[in-house]
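Before any comments, here is the structure.
The values are calculated or read from the model by the stated rules, or taken from the named source; none is laboratory data. If you're wondering where the values come from, they're calculated on a predicted model, not measured in any experiment. Quick reminder, even Gly has a Cβ in these numbers, built from the backbone with ideal geometry, and neighbours come from all protein chains shown. Side chains are part of the model used for accessible areas, which takes the heavy atoms of the whole protein and leaves out ligands, DNA and RNA. Shrake-Rupley method; radii C 1.70, N 1.55, O 1.52, S 1.80 Å.
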Amino acid sequence: MTRPDVQQAGERADLTGLGRPELAELADHLQPGERVLDVGTPLHAGVFGLLVLTDRRLLFRKVGRQATAVALDLADVEGVEWKRSFRGRSRLAVQTRDDELVFTELPNEQGAAIESGLRAARTTPRPAAPPARSAVPAPAPQTGGVRLDLAGRTALVTGSSQGIGLAIATGLARAGAAVVLTARGEARLAAAADQVRAAAEGAEVTTVAADVTSDAGTATLLAAVPDVDVLVNNLGVFGAQPALEIPDDEWRRYFEVNVLTAVRLIRAYLPGMRERGWGRALQIASDSAVVTPAEMVQYGVSTTALLAVSRGFAKEAAGSGVTVNSVIAGPTHTAGVEEFVRSLVGDLPWDDAQREFMRVHRPQSLLQRLIEPEEIANMVVYLASPLASATTGGALRVDGGYVDSILP
């Protein structure tokens, strides 16, 4: 049975996609006499889970068979920052004595309730906790392990003023790379650079405002950044349109932007990588490259071509220490995708729109939710690192299991 306070808190929150078993199991992780005030369902460090505010602690439990927990005593909370989003998803940052915990994609109502409850709970006197029970000593902290070290490398990410491109640039900066952001708008690039610096302390960030779909814009970029160690071709366009109504000019536009832009930049930067004996060229493709969507055939065809571009240039780089790969991204939560989703399902509240889109248009997804940009970035950072030295000519999937195939 679910405890009454847990059940009541659960009834105040939208737990769609979470399931009630997690609420029932929560009681097993509470201390004697600990009372649940509110619950929410955010992302933390790119992982979906259950956020629980009690009168003593703030808990985050990752949903899944191997659930892990973050447990923060309210006495260690030094500040709370809550930002409501017009998209209906808020951000909650909790400052502690030593760190900051950030919870994203939290429904606004849950964010407001937890933020308010967190402030109130910290200032409300409560009885002393019962004596701690004896427990098995915690294992010693893990040392060593995987390190994605890109210190001393320069990484260029196209289309990086927002969305997946910005998440990739941030991930590369956190790994130590000096990152170059490029897009058309100077103001948006400046704001994006500030976000990268805030997320990666001490990051070296450069911006180049240029339209790299044009010869002039490409020349501007190459003049400003003549050499890079890591090239991430993220720029792309997509949109829904009936297949029989797509004119030739639209087909050409998709091929120019999604394929030839990547070709030009690989052609420009690959020779320098080969001469130095190290480099990474990465193309952000889509599951549409493998499962052509009926509502945007032109996009699917262009991303299929992008996989072939990567394979072909990987052969050109054979034996040089340079790797060339594609990342097949599944349905990902970005501002552009939100517009695309609404164009297909109508002007529903975002949570309802996302569920309807996945149910009707992407039912094959095993994840059954949109992927977050940071989850795409994690794969890109790995492929850009020295650890991926034996992976080249490949198309690696971050698609939430959408493509029903063992291989792409």
Say R0 is 60 Å: what FRET efficiency, to the nearest 0.05, do Asp99 and Arg276 get from their beta-carbon distance? 0.95
Beta bridges by DSSP in the chain, antiparallel share as percent, to the nearest 5: 50
Whole-percent carbon and sulfur share, accessible surface of the chain, 1.4 Å: 52
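If you count only protein heavy atoms with a 1.4 Å probe, what accessible area per residue comes out for the chain, rounded to a whole Å²?
Here the residues of the chain average 49 Å² of exposed surface.
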If all Cα-Cα distances of the chain are sorted into 20 Å bins from 0 onward, what percent lands in each bin, rounded to whole numbers? 24, 52, 22, 2
Tell me whether the range 36-118 comes out rounded, prolate or oblate; compute the Cα gyration tensor, take square roots of the eigenvalues as a ≥ b ≥ c, and use a/c under 1.5 as the rounded threshold. rounded
Which of Trp350, Trp278 is most accessible, then next, and so on - probe 1.4 Å: Trp278, Trp350
Could you rank Lys83, Lys62, Lys315 by how accessible they are, 1.4 Å probe, largest area first? Lys315, Lys83, Lys62
Cα atoms only: what Rg and Dmax, in Å, come out for the range 255-352? 16.5, 53
Kirkwood hydrodynamic radius over Cα pairs of the range 344-393, then Stokes diffusion coefficient at 4 °C and 1.567 mPa s, in µm²/s: 97
Relative contact order for the chain: what percent, with Cα pairs under 8 Å and sequence separation of 6 or more? 11
